[in-house]
Amino acid sequence: MLPGSLTDAETEAIAEEQRFLDQAVARRDRLTEHLRGELEAAVADELGVARQRMLRQQHGELVRARDGLVFGRLDALDGTVRHVGRVGLRDEDETADPLLLDWRAPAARPFYTATPIDPQGQARRRHVRTAGAVVTGVNDEPLDGAGDTGLVGEGALLAALDERRTGRMSTAIATLQREQDDIVRAEATGPLIVQGGPGTGKTVVALHRVAYLLFTHRQMAEQAVLVLGPSARFLEYIGQVLPALGETAVVSATCDTLVPGVVVGREEDRAVSEIKGRALWQSVLDRYVGAMVPRARDLRLRWAGEDYVIGGAVVTQIVASATQGRSYHRARAVFAEQLHLVLAEAVAEQREAMLAAMEEGFEDILARVDRGLPGGHVGASASDVDGLLSEEEIEELRERIAEDAAIARFVEFWWPSREPAAALRELLSDPAELRRFAPELSPEEIAQVVADQAPVAADEAQVVADQALVVADKGPAPRAAAGTSTEAAGQASAADTDDPLGTGEPRPWAAGDIPLLDALADLLGESGPETPPPGGSVAEHARRQRGWVYGHIVVDEAQELSEMQWQMVLRRCPTRSITAVGDIDQAEASHRHTSWAQAVQATLGERWTAAELTICYRTPREVMALTGPVLERAGSHNTPPQAVRSAGIAPWELAVTPQTLLETAEQSVAALRQRWAGGTVGVVAPVSRVGALRVALPDVPVLTATQAKGLEWDATLVVDPQGIAAEPRGWNGLYVALTRCTQELGQLIIGR
């Protein structure tokens with residue numbers, strides 16, 4: 001709004017808020033300087049790490065609050081005035097009320113939840129717009145039904161919706177509405193699944209919920225919060241939201257990037273993707289890993305020149321105890337520890353027997369035994385009296401056995417370490433193994449999975465290398481046959497590679513492989529001690545460790561997750577403190593779920609809470625009016641969200657031929673960019689047309705419906721909507737494509 005167009009009331013309101021903003025900025029600067037001094041002193045005095053972390057966090061929040069420090073005000077019925085901002089600021093008089101309320105504080109809740117029907121003791125809500133340290137406008141909303149003529153500005157929500165899109169998501173703190181705020185502040189005691197159609201603010205709600213939970217439950221910051229999005233582009237889009245809210249203990253990722261060091265390098269057939277996404281694979285992999293545990297039998301070990309046999313019954317007992325509730329490698333480590341102890345006791349028993357024989361004249365036997373014992377000779381110890389080793393001597397013997405390379409090679413041979421990547425490739429490429437461990441799959445489905453794992457042909461190897469997407473996996477550990485000698489332990493055949501037939505390079509991982517690899521890695525466990533990476537923030541530590549347990553997980557576009565991807569989520573948050581937001585009607589993944597109950601039944605059962613966002617703030621009424629028939633064709637059972645605003649621009653269509661498509665697309669985009677200068681324009685098209693359109697429109701985002709999910713532009717050009725609808729789950733995709741705009745929608749309809 002130009003300065004000359006302001007009314008006297010608006011001018012005075014802006015001046016009033018400017019005076020308060022000046023006061024708040026000055027206070028913020030003083031507190032920032034004070035905290036900086038305290039932090040320097042804490043570091044110099046080597047005070048506790050926890051205190052330094054707290055001071056550093058508080059200082060960082062104040063520094064980041066430079067923009068948008070104050071954005072709201074509440075005038076209570078009793079005359080009390082409180083301002084709301086990105087952070088809380090205490091007054092100079094620490095016994096007085098806070099100068100500025102943190103938006104997450106309980107006292108600030110009426111700013112989001114009060115309505116004329118339920119004013120919650122408030123007379124007026126004022127939204128304050130700022131640019132840096134300058135107030136640029138105010139919007140008042142009456143809450144007491146008094147019809148105050150002193151109110152200024154238009155509704156903050158509609159004002160925000162009319163702003164140009166910039167390609168990065170706004171924090172939108174000031175425009176959270178009541179049903180959104182209820183979700184932001186809901187209890188985090190179990191899975192919360194939020195259904196919301198296009199433009200209902202699902203992502204904004206989810207991210208503000210992260211900030212609220214980190215503020216309310218400080219222990220979550222020590223564990224970090226994981227935000228899962230559908231694509232790298234989407235994560236970049238939302239990337240500035242949480243730092244802008246002052247929260248940095250957050251890891252953002254996609255399901256494809258959750259396993260450190262593993263990269264998705266190829267697309268896979270939708271049918272194969274659907275098969276790999278089924279929950280049954282959790283049981284399949286559990287059976288597969290269970291079968292890797294060696295069958296108990298008599299074990300012959302050699303120590304200090306003597307042979308010792310550990311009987312099959314004892315081995316059975318040790319294996320059963322070691323595998324109880326443990327991963328493969330942890331069970332293997334426990335087995336090794338018990339084997340060392342049993343061997344030490346066997347050595348001690350044989351020594352006792354030899355000492356007894358010595359009394360009958362076998363001194364030479366005693367000498368031979370002593371060479372393998374601690375100290376290497378018979379000394380003046382308790383064992384000299386009766387031939388028995390003390391507990392300390394047996395423990396010392398056990399430690400020597402544990403450090404012996406030959407014993408370690410035997411354990412590795414009999415119970416080999418396994419690499420998750422190699423083990424998964426073995427399973428997925430072997431029809432016999434799949435028939436054995438995955439009887440739930442039909443022969444046709446097994447054939448599809450095996451074909452998907454076929455090695456890359458030799459002439460394609462360079463293409464794979466150029467993609468730089470293949471993770472260098474170790475070859476599979478050798479499978480020892482019963483009765484193989486100790487000398488063969490640990491000797492892998494030269495043919496033990498990811499491509500045992502020698503026909504080419506292993507195929508890069510597909511998206512459907514990642515949840516299976518993650519599940520298998522979890523069942524196998526770490527093959528050695530896990531060393532936490534040095535230095536870095538909590539988020540950096542979490543990002544580097546596959547097995548990190550998060551304090552809370554937010555899943556955006558959750559309708560796209562397969563059952564096995566849901567398993568990945570639960571594995572990282574056993575407490576089930578999860579917020580999942582999405583629109584089941586926008587699902588385009590290969591799974592067959594058409595309701596949230598179907599989507600989460602296999603992992604969450606009935607233990608989840610449903611919430612719904614019913615108001616569409618983004619997409620204009622003119623556009624939402626087109627979606628009814630599309631949703632019906634998609635098989636939706638949900639009521640579309642209610643659009644609250646009109647753009648005043650009717651959606652338009654242009655008929656084109658295949659020959660004129662690219663030229664018309666260029667002209668249409670140029671016109672849209674001119675009309676929405678300072679904003680954004682996006683193009684959505686079928687997969688088959690994206691390549692050519694990207695060449696013709698190099699400086700405009702051209703995306704498939706799947707890639708466009710969660711994004712928004714001022715204007716959207718949908719190219720070949722019939723082609724989008726013809727794709728798998730295409731009506732869902734068309735619903736996504738039509739609802740990406742905040743102002744104007746155009747469609748290019750291809751005829752003959």
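The values are calculated or read from the model by the stated rules, or taken from the named source; none is laboratory data. From a predicted model like this one, the values you see are computed outputs, not experimental measurements. Neighbour counts are summed over all protein chains in view; Cβ atoms, including those assigned to glycine, are modelled from backbone coordinates with ideal geometry. Protein only, heavy atoms only, side chains kept; ligands, DNA and RNA dropped before computing areas. Shrake-Rupley method; radii C 1.70, N 1.55, O 1.52, S 1.80 Å.
Annotation: per residue accessible area for the stretch 631-700 equals 57 Å², rounded to a whole number [probe 1.4 Å, protein chains only].
As a rough guide to protection, the peptides 553-564, 735-746, 222-233 ranked by mean Cβ packing within 10 Å, highest first, stand as 735-746, 553-564, 222-233.
Shown for the stretch 646-739: the carbon plus sulfur share of the solvent-accessible area, taken with all protein chains present and a 1.4 angstrom probe, equals 56%.
Annotation note: trypsin sites (Lys or Arg not before Pro) in the stretch 35-94 located in DSSP loop regions with a Cβ neighbour count of at most 15 within 10 Å are Arg66, Arg90. A Förster distance of 22 Å, applied to the separation of the beta-carbon atoms of Arg330 and Ala408, puts the FRET efficiency at 0.85. When both the stretch 53-103 and the stretch 265-329 are represented by their alpha-carbon centers, they are found 57 Å apart.
When you count the other C-beta atoms within 10 angstrom of each residue and take the mean per peptide, 420-431, 18-29, 708-719, 251-262 line up highest first as 708-719, 420-431, 251-262, 18-29. Using the empirical formula 2.2 N^0.38 Å as the baseline, the Cα radius of gyration of the stretch 549-588 reaches a ratio of 1.15. In terms of its C-alpha gyration tensor, the stretch 65-140 comes out oblate, because a/c is 1.5 or above while a/b does not outweigh b/c. Solvent-accessible surface of the stretch 210-354, averaged per residue with a 1.4 angstrom probe and all protein chains in place: 42 square angstrom. A Cβ-based charge dipole, computed about the Cα centre of the stretch 629-752 with Lys and Arg at +1 and Asp and Glu at -1, lands at about 180 debye. Between the stretch 590-653 and the stretch 661-696, how many Å separate their Cα centres? Value for the Cα centre distance between the two parts: 26 Å.
Here the stretch 550-663 yields Rg over Rh of 1.08, to two decimals, using C-alpha coordinates and the Kirkwood radius.
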